[in-house]
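To start, the structure itself, in structure tokens.
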Amino acid sequence: MGNVYLVGAGPGDPELITLKAVKCIQKADVILYDRLVNKELLSYAKEGADLIYCGKLPDYHLMKQETINHFLVRYAKSGKIVTRLKGGDPFVFGRGAEEAEALVKHGIPFEIVPGITSGIAAAAYAGIPVTHRDVSASVAFVAGHHKNDEKEEQKWASLAKGIDTLAIYMGVGNLPYIQEQLLKNGKSKDTPAALVHWGTTDVQKTVTGTLETIAEIARTEKITNPSMIIIGEVVRYREKISWFEEKASKAAISGVL
């Protein structure tokens, strides 16, 4: 019997991966990796390791979750060390729990290796703290895709009234709906909002506005996924502590010169 590691690869910057995660990559016989995993991390793999792409695009799944679960079980049962490499953290919208359940069902030993999630990291690289003792004592990680039902609307009602900072994943395509639900449930139209596209990478782009304007800004700026949506008073701090994009811009200019 082999062993499976469910590993968070971090948000995009390859230097944000943990030391334990690197060790899991180095000793793996098989690595199953997702679309948002920085491919530089695969350079840590040992010679001869099988690298299997499990990427998912919006509305298109190259490999179904059931198939991924099957591969994890099959390779582990054949005695392989398997590393399942997932963008961000495996338990934050990463379906890591589903994979762990499948491994438990088949009696396969496994470990969870947490990773830095983009809800924190992309915001930080945009100069936005998700908490601040003056304006935000609570933050919610929220799935941005939606179903048109009563339960979904109740969720947005609670988020509009009870949480200081919203970090919304996979939500750009549904931003008009998110905007509508938050405004309808009492969130101020003047609440600051930001979109961080490809956060922590050298192509990161951040745009800001308010809850009232952010959907139109996303459309005119052609912002797509992968992007984090950050909504709350903490977005105002970007004006003071923005650092990464300025640093990347200076580095690019230096490279040209």
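For the stretch 88-220, lysine pairs separated by 8 or more sequence positions, or belonging to different chains, with Cα-Cα distances below 19 Å total 11.
Note on the chain: GNM, Cα springs under 10 Å; of Ala215, Ala123, Ala102, the largest mean-square fluctuation is that of Ala102. Scaling the Cα radius of gyration of the stretch 151-191 by the globular reference 2.2 N^0.38 Å produces a ratio of 1.06. Measuring nothing but protein heavy atoms, the accessible surface of the chain at 1.4 Å probe radius is 53 percent carbon and sulfur. Rolled with a 1.4 Å probe across the full set of protein chains, the surface gives Met170 an accessible area near 90 Å².
Highest GNM mean-square fluctuation among Asp149, Asp34, Asp50, for the chain modelled with Cα contacts below 10 Å: Asp149. The mean sequence separation of alpha-carbon pairs under 8 Å and at least six residues apart, normalised by the residue count of the stretch 59-139, gives a relative contact order of 22 percent. Solvent exposure of the chain, expressed per residue, is 51 Å² of accessible area, with all protein chains present and a 1.4 angstrom probe. Considering only Val135, Val235, Val73, the mean-square fluctuation computed in a Gaussian network model of the chain, springs between alpha carbons under 10 angstrom, is largest for Val135. Ranked by solvent-accessible area (1.4 Å probe, protein heavy atoms only, all chains present), the residues Val7, Val130 order from largest to smallest as Val130, Val7. Solvent exposure of Phe244, expressed as accessible area, is near 30 Å², computed with a probe of 1.4 Å over the protein chains only.
For the stretch 125-203, the convex hull drawn through the C-alpha positions has a volume of 101 cubic angstrom per residue. Of all DSSP beta bridges in the chain, what percent run antiparallel (nearest 5)? In the chain, DSSP labels about 45 percent of beta bridges as antiparallel. When both the stretch 6-66 and the stretch 220-247 are represented by their alpha-carbon centers, they are found 26 Å apart.
Normalised by the number of residues in the chain, the mean separation of alpha-carbon contacts (under 8 Å, six or more apart) gives a relative contact order of 20 percent.
As a length-normalised measure over Cα pairs under 8 Å and 6 or more apart, the relative contact order of the stretch 98-231 settles at 25 percent.
Protein-only accessible surface at a 1.4 angstrom probe places the residues Arg95, Arg84, Arg236 in the order Arg236, Arg95, Arg84, largest first.
Simple rule: put +1 on each Lys or Arg Cβ and -1 on each Asp or Glu Cβ in the stretch 72-168, find the dipole, and look at Gly115, Ser78, Val135; the Cα lying farthest toward the positive end is Ser78.
Basic side chains Lys and Arg get +1 at the Cβ, acidic Asp and Glu get -1 at the Cβ, and with that the dipole of the chain about its Cα centre reaches some 420 debye. Here the chain has an Rg and Dmax of 19.5, 58 Å, counting Cα atoms alone. Each of Leu6, Gly88, Ser188 was scored by the projection of its Cα onto the charge dipole of the chain, and the greatest displacement toward the positive side belongs to Leu6; charges sit on the C-beta of Lys, Arg, Asp and Glu.
Against the criterion of solvent-accessible heavy-atom surface with a 1.4 angstrom probe, Glu15, Glu101, Glu153 sort, most first, into Glu15, Glu101, Glu153.
The values are calculated or read from the model by the stated rules, or taken from the named source; none is laboratory data. Small disclaimer: the values here were computed from a predicted structure and weren't measured. Note: ideal-geometry Cβ built from the backbone for every residue, glycine included; neighbour counts use all protein chains shown. Just so you know, the surface numbers come from the protein's heavy atoms only, side chains and all, with ligands and any DNA or RNA stripped out. Shrake-Rupley method; radii C 1.70, N 1.55, O 1.52, S 1.80 Å.
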